[in-house]
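Have a look at the structure below before the remarks.
The values are calculated or read from the model by the stated rules, or taken from the named source; none is laboratory data. For clarity, every value in this text was computed on a predicted model and none was experimentally measured. Cβ sites come from the backbone with ideal geometry, for glycine too, and all protein chains shown count toward neighbours. Remember, those area values only see protein heavy atoms, side chains included, never the ligands or the DNA or RNA. Shrake-Rupley method; radii C 1.70, N 1.55, O 1.52, S 1.80 Å.
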Amino acid sequence: MSVVLVTGGAGYIGSHTVVVLLEAGFEVVVYDNFSNSHPEALRRVARITGKTVPVVEGDVRDRAALDAAFARYAPDAVIHFAGKKAVGESVAQPLVYYDHNVVGTLRLLEAMQAAGVSRLVFSSSATVYGEPQRLPLTEDHPLSATNPYGRTKLIIEEMLRDCFRADPTWHIAILRYFNPVGAHPSGLIGEDPADIPNNLMPFITQVAVGKLPKLRVFGNDYPTPDGTGVRDYLHVMDLAEGHLAALRWLLEPEAPPQCAAFNLGTGRGVSVLELVHAFEAASGRAVPYEIVARRPGDVAACWADPSKARAELGWTAKRSLTEMCCDAWRWQMQNPEGYRAQVS
Ligand code: WQD
């Protein structure tokens with residue numbers, strides 16, 4: 001039975017991935033400092049799977065805590081989610097982002113090397129493609145960053161490629177997420193923003209439930225079919241299954257050592273207004289909105305060519321835009337205050 005250490009395993013994508021790993025028969029250890037997540041999420045994971053995972057409350061920048069976790073649990077692989085991920089916050093506090101994301105990953109890699117653990121799935125982002133020069137985005141598209149958050153992801157990817165060049169016994173899968181949305185169909189786990197959501201889908205669900213008055217659509221003068229921004233939204237359960245596929249790829253007994261990047265997206269671009277209308281149809285709720293100025297730093301359009309993940313990982317996104325909206329809405333309705341209010 002393979003043991004997987006999941007840093008940030010109590011977070012949005014982390015908790016959905018832990019559910020998928022447990023249901024696939026992996027043993028999981030969660031390593032999380034709960035700075036942007038809640039222990040309640042793991043209690044909900046136990047309700048969904050019937051399994052309780054060991055939890056190490058620790059910071060990835062704490063080498064001693066990492067060493068102790070590796071010594072105690074001897075994982076066969078690591079999935080690394082832990083990090084800060086708000087673009088706007090990264091612009092205001094770049095050093096905090098370099099500390100948590102880059103230094104944190106450096107400490108983790110050192111601890112893995114010391115413990116002889118060479119299999120890593122890393123949570124990267126389509127933001128490393130910068131302003132798309134061609135669409136759909138393929139993994140060989142030029143890499144660049146347009147904000148400190150994206151720059152931390154890019155720096156970490158380069159660290160991983162340098163690690164592999166220096167020691168080709170590493171097995172590394174770099175997963176570039178497009179726009180994860182939705183929630184586990186049980187409605188027990190989901191996206192739980194600490195305050196006013198930055199991202200579109202949680203903002204929409206909070207407008208639909210009456211927590212926020214209306215959606216501000218950041219610009220309708222982009223060169224897109226309806227003028228609003230186009231993104232590749234994918235169901236968080238599809239994304240979680242992408243991590244399982246990458247893990248299996250790394251653990252294949254015959255698998256040669258690798259360091260490879262994969263796009264995890266649907267391959268379909270959806271505009272802001274398309275998503276609003278799909279959500280209204282799925283939820284039966286109106287989402288009032290107002291067109292306002294573009295948000296600085298936004299790109300007009302961004303969507304994936306996911307064929308490499310399909311060919312090499314055997315992964316493809318299966319869930320529809322309607323399922324994404326229905327599952328996001330169920331989570332919002334069942335958890336109006338996220339994990340905080342209904343600690344069980
Ligand atoms: C999507 C679209 C906005 C909010 C970011 C990060 C990316 C990843 C996902 C971490 C855009 C529009 C949004 C709103 C709006 N995060 N929008 N009104 O910016 O594509 O990606 O989150 O890994 O790395 O860059 O996602 O959901 O913020 O925006 O009109 O209130 O919705 O302009 O077109 P984004 P988003």
So for the chain: antiparallel DSSP bridges make up what percent, rounded to the nearest 5?
5
Separation of alpha-carbon centers, region 69-123 and region 255-330, rounded to whole Å
25
Evaluate Rg over Rh across region 160-251, taking Cα atoms for both radii and Kirkwood's formula for Rh.
1.10
Per residue of region 94-100, what does 6.51 cos²θ - 1.76 cosθ + 1.60 with θ = phi - 60° give for ³J(HN,Hα)? Whole Hz please, x for Gly and Pro, Karplus curve as stated.
x, 5, 4, 5, 5, 5, 5
I need the phi-derived Karplus couplings for region 24-32: 6.51 cos²θ - 1.76 cosθ + 1.60, θ = phi - 60°, integer Hz, Gly and Pro marked x.
8, x, 7, 8, 10, 10, 9, 10, 8
Can you list which of the GluC sites (Glu not before Pro) found in region 29-103 are DSSP loop residues with at most 13 other C-beta atoms within 10 Å?
none
Dimensions in Å of region 102-218 - Rg and Dmax from alpha carbons
18.0, 54
Please compare each pair in K84/K308; K214/K308; K51/K308; K211/K308 to a cut-off of 31 Å on the Cα-Cα distance and tell me which ones are over it.
K214/K308; K51/K308; K211/K308
For K85, give me every one of the aspartates and glutamates with a C-alpha distance below 17 angstrom, ignoring sequence neighbours fewer than eight places off in its own chain.
D32, D59, D99, E157, E191, D192, D195, D298
With a probe of 1.4 Å, find how much accessible area region 3-334 has per residue, and write the answer as a whole number in Å².
40
I want to verify a result. In a Gaussian network model of the chain, Cα cutoff 10 Å, which of these has the top mean-square fluctuation: D327, D99, D32?
D99
So for the pair D162, T322, with labels modelled 7 Å out along Cα→Cβ, what separation do we get in nm?
5.0
With a/c under 1.5 counting as rounded, go ahead and sort region 1-53 into rounded, prolate or oblate using the C-alpha gyration tensor (a ≥ b ≥ c being the square roots of the eigenvalues; past the cut-off, prolate if a/b is larger than b/c, else oblate).
oblate
Hull volume per residue for the chain, using the convex hull of the C-alpha atoms, in Å³ is 123
Value in Å of the Kirkwood radius, where region 2-120 supplies the Cα pairs that are averaged
14.4
Accessible area (Å², 1.4 Å probe, nearest 10) - E27
100
